[in-house]
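To keep things clear, I will list the structure first and then write my remarks on it.
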Amino acid sequence: MNKLFQVEGYGSDSGVFQYRRDLLTGLQCRIAPDRIHRGIDIPRRPEGSNDEVPCVFCPERIYSETPVFPDGSRITVGESVTFPNLYPFAHKHVVTVITEAHDPAEIAAGRIEDALRGQVAALLGDGGYVSCNWNHLPSAGASMLHPHMQGMVDASPTFHAGIAIKQSEAFCRRTGSMYRASLLEEEIGGPRHLFGDELPFFAHAVPLGEKEVRAYLPVRCAGELEPWCGLLAEGIERVISLYRRAGHYAFNMSLFCDAAGRPDAGFRAFCSLIARINPGVTAMSDSAFMERMHLEPVVLTLPEDIAGYLP
Ligand SMILES: [Zn+2]
């Protein structure tokens with residue numbers, strides 16, 4: 001530990017990674033060397049060679065070849081199957097395979113709702129900061145084509161979640177009203193209001209990515225999400241349709257929640273989606289939901305190991 005940066009290691013049966021924070025800027029990253037074993041370090045592969053079907057997320061293989069929770073189980077809700085991530089970079093890091101179909105042309109709201117319920121079921125109980133995330137297609141950073149979400153719980157919020165929570169609470173103290181209430185008052189019925197009343201979806205005024213759409217939920221933490229999974233999933237399906245009409249197939253999504261044990265000081269959970277416009281369908285992007293939505297990169301190489309690559 002020094003005055004310039006913090007390093008916190010974390011290890012479990014399934015992997016070792018570090019949280020690092022730059023104390024000058026507050027910027028954070030995660031370093032997960034084991035993730036290199038996903039086989040993503042191949043710079044170029046012949047077209048089609050990555051299309052192994054059935055893949056390990058397909059029904060033929062998922063129940064025998066994916067990891068299980070400590071009690072030996074996986075969580076199934078409808079078609080969705082949730083299990084621990086083989087290459088974690090969070091205290092709790094789970095994968096939810098959304099559909100039985102390997103590469104469905106469309107994903108119905110009901111499938112998305114079931115997957116969200118599976119994520120919530122897997123992520124509750126630790127009391128930490130929860131997010132539900134989705135990299136869709138390799139050009140959005142997915143290492144598997146088969147549609148899947150990733151859920152995380154950590155003792156500290158990611159960089160973006162931390163700012164959103166802290167500043168929502170400061171906004172509430174300063175103005176006496178919740179940020180969500182002020183946003184809805186300003187945006188409902190305006191040019192950025194896409195649809196929805198109880199759970200409105202807005203084009204975000206200061207986008208983090210192409211065609212960013214956000215939905216601010218009326219609840220704060222993951223334990224309160226359950227009654228909202230249906231409406232949220234319907235909205236997500238509509239945003240995905242909107243993206244397809246605009247010519248985008250790849251996207252990232254993150255649903256940011258507060259930690260259950262904290263007092264309610266004005267933050268509300270929100271779900272954000274961005275379209276990815278990289279047309280390289282066979283290439284896997286190295287920026288995914290952590291880089292684009294949480295603003296907290298996950299890298300593979302320890303800075304202390306880089307000198308080893310000098311000639
Ligand atoms: Zn598959």
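The values are calculated or read from the model by the stated rules, or taken from the named source; none is laboratory data. Note that the coordinates shown come from a computational prediction; the quantities given were computed from them, not determined experimentally. Note: ideal-geometry Cβ built from the backbone for every residue, glycine included; neighbour counts use all protein chains shown. What goes into the accessible areas is simple: the full protein's heavy atoms, side chains included, and nothing from ligands, DNA or RNA. Shrake-Rupley method; radii C 1.70, N 1.55, O 1.52, S 1.80 Å.
What FRET efficiency would be calculated for the residue pair L302, E52, taking the C-beta separation as r and a Förster radius of 51 Å, to the nearest 0.05? Show your work: numbers first, answer last.
Working: r = 31 Å, r/R0 = 0.60.
The calculated FRET efficiency here is 0.95.
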Per the Kirkwood formula over distinct C-alpha pairs, the hydrodynamic radius of region 123-230 in angstrom is 16.0 Å
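Taking Cα atoms of region 167-287, Rg/Rh with Kirkwood Rh, to two decimals?
Working: Rg = 15.4 Å, Rh = 15.5 Å.
A ratio of 1.00.
For region 194-262, give the percent of accessible area contributed by carbon and sulfur heavy atoms, probe 1.4 Å, rounded to a whole number. It would help to have the intermediate numbers written out before the result.
On the way: 1370 of 2700 Å².
Carbon and sulfur atoms account for 51 percent of the accessible area of region 194-262.
For A181 and K3, calculate 0.36 nm times their separation in residues minus their Cα-Cα distance, and state this gained length in nm to one decimal.
Additional length available on full extension: 60.2 nm.
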In units of 2.2 N^0.38 Å, the Cα radius of gyration of region 113-183 is 1.40
Please report, in Å, the Rg and the Dmax of the chain, where both are computed over Cα atoms only.
-> 19.2, 61
For the residue pair R173 and S64, what label-to-label distance in nm results when each label sits 7 Å from Cα along the Cα-to-beta-carbon direction?
-> 5.7 nm
For the A283, E198 Cβ pair and Förster radius 41 Å, calculated FRET efficiency rounded to 0.05 is 0.55
Counting every Cα pair in region 80-120, what percent are over 15 Å apart?
-> 44 percent
Modelled label-to-label distance, R245 and D22, 7 Å Cα→beta-carbon offset: nm?
-> 4.1 nm
Provide the per-residue ³J(HN,Hα) series for region 60-76, in order, calculated from phi with Karplus coefficients 6.51, -1.76, 1.60 and θ = phi - 60°, each as a whole number of Hz, with x at glycine and proline positions.
-> 5, 10, 4, 7, 10, 10, 9, x, 10, 5, x, 7, x, 9, 10, 9, 10
The Cα extents of region 129-170 along the principal axes, largest first and rounded to whole Å, are 40, 18, 11
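So what is the accessible area of region 56-305 per residue, in Å², with the probe set to 1.4 Å? Write down the numbers at each step before the final one.
Values: 10340 Å² over 250 residues.
Heavy-atom SASA per residue in region 56-305 reads 41 Å².
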Shape parameters for region 188-249, alpha-carbon atoms, Rg then Dmax in Å | 12.2, 35
K92 accessible area, 1.4 Å probe, all protein chains in place, Å² to nearest 10 = 50 Å²
If you stretched the chain out fully between D34 and E106, how much longer would it get, using 0.36 nm times the residue separation minus the C-alpha to C-alpha distance?
-> 22.6 nm
